[in-house]
Amino acid sequence: MLFKYLPIERLDVIEKLSIRFSPFKSLNDPFESSPLIKTQENIDGTYDRMIANTLKEMDNIWESAPDEEKTPENKKILENSKNSFANEIYKKTNPHSFGLSLIEYLKYLCILSLSRTNSNILMWSHYASNHEGYIIGFHDSHAFLNQRNLRGEIVKPKPVIYSTKRPIFNETNNTCLELFCNKSIEWSYEEEERIFLNHVDDRRSYGKDAYGMDIVLSDIPIEAISSIYLGSNSNKDTEERILNALKYHNISIPVFKASISKSEYEIEFEKL
């Protein structure tokens, strides 16, 4: 089972049975939209050789120039031109720049972030309105969590790998899913798994978010939902809205209310 933490202002997710797969620029970790990728040209030294050959040609032109043009001022211009050329090539071909370009190219690739745990105190605080929100539990075997890619292949939820070192990927040997399933060790408490979806039709957009990205919602199949968990600080209105939504959609699933343990740093659940 996988879980989606939601704030109280997103009660519409269960009421309308629709949820957003977010583009990378809209995620709360700025490193998400800035992967480091080495191009094949960087790996095999093509760019290094091109820079070296060009700089050599510029030096050859200087050597063949008339003596009267070999002034200190012109020499300074030459060195500045060489540096500018090398820097410009590096800016366009370094792993950071190439990663930014890839994000622009893959602007329709979006993700739904889920968690393997429903009882993380930080997650309840950060993503569920300080324990006032709720969680939707999903059957991880349902087709909704096993989307098909553009080649028609089924892609299971991908666990995020957490690391202290920022990885640099190879454009030819790493897949997109590998590129976008790596985060800093500081995020490891989330126990995140990701579902990927291509939103190629922006005509379904409900508007733009704060980052200028389309807000496209996907329908949630009733059969994909396994359970609901109300936060320990959730009020009666939240509870009633969720129960009414389940009744309206004829969804028969267990609903639990969280509480704070009286003896441990733990969250406990009791079925309503």
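Can you tell me which residue within the stretch 109-126, out of those that are touching a Leu at 6+ places or on another chain (Cβ under 8 Å) and modelled with pLDDT of 95 or more, is surrounded by the most Cβ atoms within 10 Å (Cβ to Cβ)? Only one residue fits best here, namely L114. The number of residues in the stretch 241-272 that are out of contact with any strand residue (DSSP E or B) (no Cβ under 8 Å at 6 or more places or on another chain), in a helix (DSSP H, G or I) and under 15 Å from D12 (Cβ atoms) comes to 4. Scanning the stretch 163-200 for residues that are part of a strand (DSSP E or B), at pLDDT 80 or above and crowded, with 17+ Cβ neighbours inside 10 Å turns up N182, K183, E192, E193, R194, I195, F196. Screening I267 on (1) modelled with pLDDT of 85 or more; (2) among the aliphatic types (A, V, I, L, M); (3) farther than 21 Å from Y127 by Cα shows it passes everything except condition (3). Kindly indicate the residue of the stretch 8-55 that is assigned to a loop (DSSP other than H, G, I, E, B) and at pLDDT below 65 and also nearest to N233 (Cα to Cα) among those meeting that condition. Applying the filter and picking the extreme gives T39.
The values are calculated or read from the model by the stated rules, or taken from the named source; none is laboratory data. Fair warning: this is a prediction, and the values are worked out from it, not measured in the lab. Cβ: placed from backbone, ideal geometry, glycine included. Neighbour counts: every protein chain shown.
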